[in-house]
1. When residue 2 is evaluated against the numbered criteria (1) at pLDDT below 80; (2) under 30 Å from residue 135 (Cβ atoms), which criterion, by number, is the only one it fails?
2. Can you find even one residue in region 130-151 that is more than 30 Å from residue 39 (Cβ to Cβ) and among the β-branched types (Val, Ile, Thr)?
3. If you go through region 28-37 one residue at a time, do you hit one that is open to solvent by less than 70 Å² (accessible area, probe 1.4 Å), in contact with a Lys or Arg (Cβ under 9 Å, 6 or more places away or on another chain) and either in a helix (DSSP H, G or I) or at pLDDT 75 or above (or both)?
4. Taking region 40-83, which residues are at pLDDT below 90 and of a type in the set (Phe, Trp, Tyr)?
5. Of the residues 135, 114, 100, only one is under 23 Å from the mean Cα position of the chain (by Cα), open to solvent by 40 Å² or more (accessible area, probe 1.4 Å) and of a type outside the set (A, V, I, L, M); which?
6. Return yes when residue 99 is over 30 Å from residue 36 (Cα atoms), among the β-branched types (Val, Ile, Thr) and free of Cβ contacts under 8 Å to residues at least 40 places away in the same chain and no when it is not.
7. Of all residues being without any contact (Cβ under 8 Å) to a residue 12 or more places away in the chain and either over 19 Å from residue 125 (Cβ atoms) or in a helix (DSSP H, G or I) (or both) in region 63-96, which is least open to solvent (accessible area, probe 1.4 Å)? Just the residue, please.
Amino acid sequence: MIAEDDLPARPIWLTTLADLALLLVGFFVLLQANQVDANTLAAGFRAGFGVKENAPAMPVDLATVSGFATGSAQLPDASAALGWAHAAAADPRTRLRIIGEVDGSAADVDPLTGSGPILAADRARAVAAMLIRSGAVAPERIAIATARGHRRAVLSLGYDGGRQ
């Protein structure tokens, strides 16, 4: 058995050379990384993890429009959400996602079709139309979705743009 003291000593410059080589490799990786488009890089990460579609903007703030009557998409008082949207959409990188919801009961459905998701979409559309009419946000910055939960519309703010 060989003791550690019996191993041949390596010259100190060998360690320094290995450190220098790793720093050089890191430098070239950094140079290459700066030439890649950020969206292309993000798409590559998503593809590597098996995500097929572009993820929505990450929500960072929420507002709600509550008070919809059962089976109705008639817009209740939404002045608080309108004020919130005016402030939230000031940054051009923001996107608003409006999720229309129904409570899931048999009565909370679209009166013509008997469909809950259609009523939820109508609620979200009513809120989106109000925001667009008031000039709070441009139509291309709004996404609409539906869900089951409460008789309301949930507005979420997310950032979906590059750095300034």
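1. In the conditions (1) at pLDDT below 80; (2) under 30 Å from residue 135 (Cβ atoms), residue 2 misses (2) alone.
2. No, region 130-151 contains no residue that is more than 30 Å from residue 39 (Cβ to Cβ) and among the β-branched types (Val, Ile, Thr).
3. no
4. 45, 49
5. From the options 135, 114, 100, the qualifying one is 135.
6. no
7. 83
The values are calculated or read from the model by the stated rules, or taken from the named source; none is laboratory data. The shown structure was predicted, so the numbers you read here are calculated from the model rather than taken from an experiment. Methodologically, a virtual Cβ is constructed for each residue, glycine included, from the backbone with ideal geometry; neighbour enumeration extends over all protein chains shown. Side chains are part of the model used for accessible areas, which takes the heavy atoms of the whole protein and leaves out ligands, DNA and RNA. Shrake-Rupley method; radii C 1.70, N 1.55, O 1.52, S 1.80 Å.
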